[in-house]
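To start, the structure under review is shown below, and the notes come after it.
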Amino acid sequence: MPPKSLTRRVAKRVLGTVLGDRAYRYVQARSVVRDLRSGALSEPELDLVRHAVRPGDTVIDVGANHGMWTRSLSEAVGPTGRVYAFEPVPFTAGTLRLVVRLLRLRNVVIVEKGCGERAGRVAFAVPIQSSGVTDAALAHLADRTSEVDGAQDATRQVSAEVVALDEFLPDLNEVPLMKADIEGAELYAFRGARALIERHLPTVVSEIDPSFMDGFGLSAADALRFFGERGYRAYRYSQARGRLEAAAEPAGGEGGNYVFVHPRRADRLHGLLRAAG
């Protein structure tokens with residue numbers, strides 16, 4: 001992720017104050033597109049997309065935010081594939097729509113809804129930065145008790161719809177990959193997608209942050225158990241070594257992105273798994 005420099009923070013404060021929501025959203029979308037094209041907005045696990053995804057596939061982006069994963073997935077599935085990008089926060093979803101439009105990603109279906117264990121309408125807490133603008137990257141279900149570094153930052157609450165993927169998505173032919181980053185609530189989304197996961201056995205890239213999960217009464221062990229019971233193996237990706245390395249429960253409360261791979265999907269990641277052996 002690009003660093004939040006003093007210049008960037010000042011610019012956000014000025015733009016957030018002077019411009020209305022619509023104009024600020026457009027400026028933000030242009031900034032995101034620039035960062036995506038330059039590679040400033042990225043993370044190591046995006047390397048996995050070119051291995052795990054093929055043209056014509058259908059993939060799922062849970063917590064799409066401003067489209068970092070959406071863009072890479074869109075390029076990988078090509079014109080005959082489909083990306084379902086879920087983003088429940090209205091302002092963020094609006095920015096995502098602009099990013100998708102500016103990048104001409106015609107195979108992306110943006111769903112302005114969250115993903116959970118069951119359908120309903122819930123409150124999301126969107127942190128407010130010192131600049132006075134919202135921090136979409138850290139938006140989370142309002143009933144989470146933990147905050148970043150234990151600080152109770154100012155937040156703005158918004159109401160949004162949450163769906164269970166098993167009930168919401170149509171019958172899909174091939175789902176080789178799912179990504180989830182929803183600030184500690186990932187396991188809720190997986191529980192609401194049990195049938196989809198058990199049918200398609202997608203490779204799953206998920207943030208596992210024990211401090212955030214604890215705010216929901218969940219643990220990293222719960223997530224690892226969910227996939228382990230379905231025959232998955234847990235890995236962490238080492239970009240420096242170019243391989244997936246077997247992973248256990250995070251130690252010391254430190255989290256990060258985990259990659260859950262089922263043996264039936266290992267062929268697509270064979271090179272990365274072979275390097276690990």
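Values in this text are rule-based calculations from the coordinates and carry no lab data. The structure presented is a predicted model; accordingly, all values stated were derived computationally and were not measured. Neighbour counts run over all protein chains shown; Cβ positions are idealised from the backbone, glycine included.
Assuming R0 = 30 Å, what is the FRET efficiency of Arg50 and Glu167, from their Cβ-Cβ distance, to the nearest 0.05? Approximately 0.45, to the nearest 0.05. Protection proxy ranking, highest mean first, for peptides 81-87, 168-174: 81-87, 168-174, where packing is the per-residue count of other beta-carbon atoms within 10 Å, averaged. Separation of the range 161-234 and the range 62-78, taken as the distance between their Cα centroids, equals 17 angstrom.
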